[in-house]
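The values are calculated or read from the model by the stated rules, or taken from the named source; none is laboratory data. As the structure is a computational prediction, the values presented were derived from the model and not from experiment. Virtual Cβ from ideal backbone geometry, glycine too; neighbours counted across all protein chains shown. Please note that ligands, DNA and RNA were not included when accessible areas were found on the heavy atoms of the full protein model with its side chains. Shrake-Rupley method; radii C 1.70, N 1.55, O 1.52, S 1.80 Å.
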Amino acid sequence: QQIQEDLNKQLLDNLVSFMSRSHSDFQEKTTKWTCRMKFREIPTAALVLGVNVTDHNLTFRGLSDVLQDNITPYVALLEAKDCPGIKNLMQKLMGQLMNCDIDVDSLEDEDCVQVSQNRVRCSMPSLISWYESVTKKTDSETPSKKRNSSSRHWQSPPVVVIFKDMESFTTKVLQDFIVISSQHIHELPLVLIFGIATSPMIMHRLLPHSVSSLLCIELFQSLSCKEHLSTIIDKLLLTSHFPFKLGEKVLQVLINIFLYHDFSVQNFIKGFQLCIVEHFYSQPLSVLCCHLVDIKKRVYSLSHDQCENIRRLPSFRRYVEKQESGKQIELLTNDSFLKEETEKLLEDLYVYHENYVSILRCLHVFTSSLPKYPLGKQIRELHCACLENQVWETEEYESSLQLARMLNKADLVTMLQQCVEILMSPSGKEFDKTVEKLKEFLTQFQNLEAEASQERDVSVSSQKELQKKTDLYHLQKTLLELKESRRSKKLTKFEMLRFEVVDYIDRLVRKYLVPADNRTLHEIVYFNAATVLRGHLNAAPRTALHTALNNPHWYLKNQALKCDGGGISNKAPDICIVYKLHLECGRLINLVDWLEAFSTVVMAAEEPNADAASSDQVDDIIHARFIRAVSELELLGFIKPSKQKTDHVARLTWGGC
């Protein structure tokens, strides 16, 4: 939440500045505001937030808090679902401004709201009268109270109306409200904010020119949701402050849902929280997923069963197989020795994470500065590539190295300086030699510049000597030597140094960006159950309905409802019996035959030896139960009435789930 507030800070500051300018114009009665009064223009902010609608509430909540803290206490947030007509809009607006709850359903035939003991008519003149009375009351307060209030709000604060989802409002409601408001703009300092999910052009599609000309519009653009997500991943996942980590497949599931479904950062965070809950619920060793300072205490408090769980981990078994026979016996039989080794391995895993993040950022400095992005432009893409496999074995990595070997000197120097800053930030001494080496490269680049100027002077003098040689033999000999030297294509000192820098970065990548799956005990801190997560997040409603109706014992936990061999239990709920019978039918289902079959199943326990009852003898209660079950099945979308035959229904679903 703090990260999102920081990301929105610039946007909110710009909106506050816009409000201040608009309000000061009204308060000072300047020529600018007089011109607006003449043309009845309303100050309007068009806030383009993107299609990630689920994230908009947090932005609007932050905007409302900022406005109420700095500009005005009179802020109303309106949604299209609450404002189907202009009357409902005015009721909601006045209810929020006057701090009273409005039940729109109970006021459908009335145009009034209840304020204290009085009923106030929902109209613009009533709103103006209320505003004048409130501001007059504020002006008549004691000087001390007035000073306290003015420190937060202006003396005549504006009334801010925020339309959270402009695209969802009907055109007539928006037009009526804007036209009415423009007629009273000289009496009420109104400011509008339109929340837009698609494009600013929607304003001109919804509003004709005669209405849009009444608005003085200023456009504001929020940070793109992709940049928002990259910052969240950078600050939350790519840090050593949080011991819990996401595996490559799990992270890819969350990113794919974000990119191909809703672009919602809030839903990404909810998915991340679900991963945390699932990991600590399903992994018995998740107690060891903790900060470095707590590792020793938790390791030595492990029980014998938990030690056995460690021995069963695939990564630990691979580690044991690589040890000598004596150590293998100790690890598999001695719990105390196992705890000591586990403490060392977890500390190594913690150090690995710190080094991984630092080198990953250095590699991202290089890959993001290339003319093309084989490994992706965002650090999340690079992180996924490193988690998936050994990144240096991929074609994209080789392409990146080839492009890096063609960078110019200025770019290389800038990248090296950024890498030095990144590697100097960790508190450990792991990268002291690395930093010294990078600084040495920077020094060599500086020396190259001085040598280059001397070489230019030498080349000029050699050309002058060549011009002095008038003898044809010596001239031909010199030209042949120049031609041979060009054919040999010897690398310059800069090119050799550039190759050396890229090779050194490559060695760092191969040493520190080893996939986490290769680390011992990675199962303790990494959540890799992508299938479980996908089952939670990717809804399959038809499959769930089929399971519930075909196998009711699965959800009701009642084994008496379980039937083997495709039979139908008469103890099952009516809708389950009707559903199973409808699976045996074709495209059209005869209701009479269906009812008879239902009656046969239901009455099987009471009359086990009786023949199939005719429709005339069906009990009224069974008939009513059948009608209700068929209605529920129709509501779920499995059947629909047929126009071909009145006593038939059409089946809508086919195939297995």
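Annotations for the structure displayed:
- Residue check, LYS87 more than 21 Å from CYS225 (Cβ to Cβ), among the basic types (Lys, Arg) and surrounded by fewer than 17 Cβ atoms within 10 Å (Cβ to Cβ): no
- Given (1) within 13 Å of MET90 (Cα to Cα); (2) modelled with pLDDT of 60 or more; (3) open to solvent by 10 Å² or more (accessible area, probe 1.4 Å); (4) outside the structural domain of ASN70 (by the TED database), number of the condition ILE180 does not satisfy: (4)
- Selection status of ALA76, in a strand (DSSP E or B), under 18 Å from ILE128 (Cβ atoms), in the same structural domain as SER168 (by the TED database) and at pLDDT 90 or above: yes
- If only residues of region 51-84 that are farther than 26 Å from ILE202 by Cα and touching a strand residue (DSSP E or B) at 6+ places or on another chain (Cβ under 7 Å) are counted, the one that is surrounded by the fewest Cβ atoms within 10 Å (Cβ to Cβ) is GLN68.
- Filter result (of a type in the set (Lys, Arg) and open to solvent by 50 Å² or more (accessible area, probe 1.4 Å)) within region 567-584: LYS571
- Selection count where residues are out of contact with any helix residue (DSSP H, G or I) (no Cβ under 6 Å at 6 or more places or on another chain) and either modelled with pLDDT under 90 or closer than 14 Å to LEU49 by Cα (or both), scope region 184-194: 2
- Exactly one residue among GLU381, GLU388, GLU398 is open to solvent by 60 Å² or more (accessible area, probe 1.4 Å) and under 24 Å from SER286 (Cα atoms), and that residue is GLU388.
- Among the residues of region 295-341, those identified as of a type in the set (Val, Ile, Thr) and open to solvent by less than 50 Å² (accessible area, probe 1.4 Å) are ILE295, VAL299, ILE310, VAL320.
- Considering region 476-498, and only residues there that are surrounded by 14 or more Cβ atoms within 10 Å (Cβ to Cβ) and either modelled with pLDDT of 85 or more or aromatic (Phe, Trp, Tyr) (or both), the residue that is nearest to LEU363 (Cα to Cα) turns out to be ARG498.
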